[in-house]
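Data first, discussion second: the structure below is written as structure tokens.
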Amino acid sequence: MVVIIGLLAAVSIPLYRRARLQADETSAIATVRTLVAAEETWKASHPDYSDLPGLVSAQPPYVTGFGTAFGSWYPKGRYYFYACNATTFYQQESQNYTIIADPTVKSPYPGARVFCATIDGVIKIENASYPNCTGNVVGE
């Protein structure tokens, strides 16, 4: 009896972890897409792009559902999100942004990937925190 329970646990626990990881990543990708849309909506009525605190605290907010910020990172699910506007040296307005979804901001999350997007709106997979957003495109 104990052997059967141990065998079932040995098979089901890795399957559960894999399913949870996939669900967490799917949710993170959807949130990055939402943040890309929020940045473009913000830019339609402002001269520059916003950072994540600006999108969250605007009235009405451009995005919702985030927990209390951890530094500049906002939690949602098992991921932490960061969005910054990148102001160029000679311009007053920010003409670019970077969005990062990182599961390892506060603690390790083995096997999880980091996602990012920039002004082109393409979500990419990175293998390191603070990505330069040049990784593989999601879905390829």
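A short reminder: the numbers here are calculations on the coordinates, not readings from a lab. Bear in mind the structure is a predicted one, so any value in this text is a computation, not a measurement. When we count neighbours, we look across all protein chains shown, and the Cβ atoms used for this are built from the backbone with ideal geometry, even at glycine.
Worth pointing out:
- Computed [θ] at 222 nm, deg cm²/dmol, the chain (DSSP H ≥ 4; -39,500 (n - 2.57); rounded to nearest 500): -12500 deg cm²/dmol
- Two-site FRET efficiency, Q22 against S107, from Cβ-Cβ distance with R₀ of 22 Å, rounded to 0.05: 0.70
- Cα long-axis angle, helix 2-45 against the chain (0 to 90 degrees, to the nearest 10): 10 degrees
- A convex hull fitted around the alpha carbon atoms of region 2-137 yields 122 Å³ per residue.
- Length gained on full extension, N136 to D120: 4.4 nm, using 0.36 nm per residue less the C-alpha separation.
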